Amino acid sequence: MTHYKTLGLVNTKEMFRKAMEGRYAIPAYNFNNMEQLQAIISGCIESRSPVILQVSKGARNYANQTLLQYMAQGAMEIVKASGHPIPVALHLDHGDTYELAVSCIETGFSSVMIDGSAHPYNKNVELTKKVVDFAHKHDVTVEGELGVLAGIEEEVSHEASHYTNPDDVEDFVKKTGVDSLAISIGTSHGAYKFKVKPGEKVPPLRFDILKEVEKRIPGFPIVLHGASSVLQDYVAMINQYGGHMEGAVGVPEEQLREAAKSAVCKINIDSDGRLVVTGVVRRELAKDPKNFDPRKYLSAARDELKAMIIKKNREVLGSADRA
Ligand code: G3H
Ligand code: 13P
Ligand code: ZN
């Protein structure tokens, strides 16, 4: 067993307490490779933001769980040596089984999500509680989920969304003992979150549901998944250099800023990072067809991703200068 504390990581408890008090949200960025991790860590050190590094089941399969674990450990050495250490949590994103959550906890994760949202309510409660019971023995924090987000990802696939029913949240939190709760208020995973005609605005998130949830569980940390804004500059860059992503839209940044001031303490961002990397790699290769050195086009993508992260922390999450 590698306990996360020996690696210098923290769980999400103190992070969320401060975020709730300071009316901002902690960024949770997904990583699958070295360049993404470098951009997240250096971007968060430079903007002095606490951060949650997220690893999905798909990321573990892609990059190899042992390698990912050691990459996160390496990142912590860089954080410690930076002269301005920031709080970092290593989090399992959308864990779907007890065994996966246990495996992550035993290999240095400080936080896990158990996503039982596709199960009937009672099964979700049972699975989540089982994970909480194990995790809390090791001082690891647990995120549960109520309500279903629409959207299709490699490992996360739901055909339709159902908003979270505020009548369920108090009972769920009480019965499971979770430390934070992901809710469904109109966001979805991926780059095609809403179907809108050109010039039409995307529908607002269901802040009424969020408010009702806050009333039922005052001061309890809420998590927003599917919170990429689907940055249009990078969608345009992808389309300009041979891609095809017509109609890709996300959650407007002003709505996320509003959410960050509420009980939403964690905002998950993956797709925006994918768009940045893909746009820049396409541009670099198109501009210099003789370039066959991955270090050249990936370093350009990494620099742009770092800049995006700093901007998000400063202008959307409000997490900059909080570490
Ligand atoms: O919510 C899903 C995340 O964006 C992770 O996606 O399962 O394709 O790694 P993934
Ligand atoms: P996006 O696809 O909107 O980036 O959502 C990421 C997410 O929720 C990871 O769990
Ligand atoms: Zn998610």
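Each reported figure results from applying straightforward, stated rules to the coordinates on display, with no laboratory input. All of these numbers come straight from a predicted model, not from anything done at the bench. A quick note on method: Cβ atoms are made from the backbone with ideal geometry, for glycine too, and the neighbour counts reach across all protein chains shown.
Suppose R0 equals 51 Å; then what is the FRET efficiency for Thr2 and Lys311 from their Cβ-Cβ distance, rounded to the nearest 0.05?
Calculated transfer efficiency: 0.90.
Take Tyr163 and Lys201, extend 7 Å from each Cα along the Cα→Cβ direction, and tell me the distance between the two endpoints in nm.
It works out to 1.7 nm between the two label points.
Nearest 0.05, what FRET efficiency do Glu21 and Asp208 give at R0 = 30 Å with Cβ-Cβ as r?
Efficiency, from the Cβ-Cβ distance: 0.80.
Given Ile269, Pro203, Tyr24, which one lies farthest toward the positive end of the charge dipole of the chain, if we put +1 on the Cβ of every Lys and Arg and -1 on the Cβ of every Asp and Glu?
Tyr24
With charges only on Cβ, +1 for K and R and -1 for D and E, what is the dipole size of the chain about its Cα centre, in debye, rounded to 20?
Here the chain has a charge dipole of around 640 debye.
With label points built 7 Å along Cα→Cβ from the Cα atoms of Ala81 and Asp133, find their separation and express it in nm.
Placing both labels 7 Å along Cα→Cβ, they lie 4.4 nm apart.
List the trypsin sites (Lys or Arg not before Pro) within segment 220-290 that fall in a DSSP loop (any state other than H, G, I, E or B) and whose Cβ has at most 13 other Cβ atoms within 10 Å.
Lys261, Lys290
Which Cα, out of Asn165, Ile78, Leu37, lies furthest along the positive dipole direction of the chain (beta carbon charges, K/R +1, D/E -1)?
Ile78
Identify, among Pro50, Ile114, Val140, the residue whose Cα sits farthest towards the positive end of the charge dipole of the chain, taking +1 on the Cβ of Lys and Arg and -1 on the Cβ of Asp and Glu, with the dipole about the Cα centre.
Pro50
Going by a ≥ b ≥ c, the root eigenvalues of the Cα gyration tensor, does the chain fall in the rounded group (a/c under 1.5), the prolate group (a/b larger than b/c) or the oblate group?
Judged from the Cα gyration tensor, the chain comes out oblate (a/c at least 1.5, b/c at or above a/b).
Taking a cut-off of 21 Å between Cα atoms, list the lysines near Lys57, but don't count ones fewer than 8 places away on the same chain.
List returned: Lys123, Lys129, Lys130, Lys266.
Filter the trypsin sites (Lys or Arg not before Pro) in segment 1-76 down to the DSSP loop ones having no more than 16 other Cβ atoms within 10 Å, then list what survives.
Sparse-neighbourhood loop trypsin sites (Lys or Arg not before Pro): Arg23, Arg48.
Taking R0 as 25 Å, what FRET efficiency do you get between Leu67 and Asp233 from their Cβ-Cβ distance, rounded to the nearest 0.05?
Efficiency, from the Cβ-Cβ distance: 0.20.
If the reach is capped at under 14 angstrom between alpha carbons, list the aspartates and glutamates near Lys13, excluding any in the same chain fewer than eight residues apart.
Candidates past the 8-residue exclusion: Glu21, Asp139, Glu143, Asp179.
Out of the GluC sites (Glu not before Pro) in segment 171-217, which ones are loop residues according to DSSP with at most 16 other C-beta atoms within 10 Å?
In loop regions of segment 171-217 (DSSP not H, G, I, E or B), the sparsely surrounded GluC sites (Glu not before Pro) are Glu200.
Cα to Cα, under 15 Å, and not fewer than 8 places away if on the same chain: which aspartates and glutamates meet these conditions relative to Lys306?
Glu35, Glu46, Asp270, Asp272, Glu315
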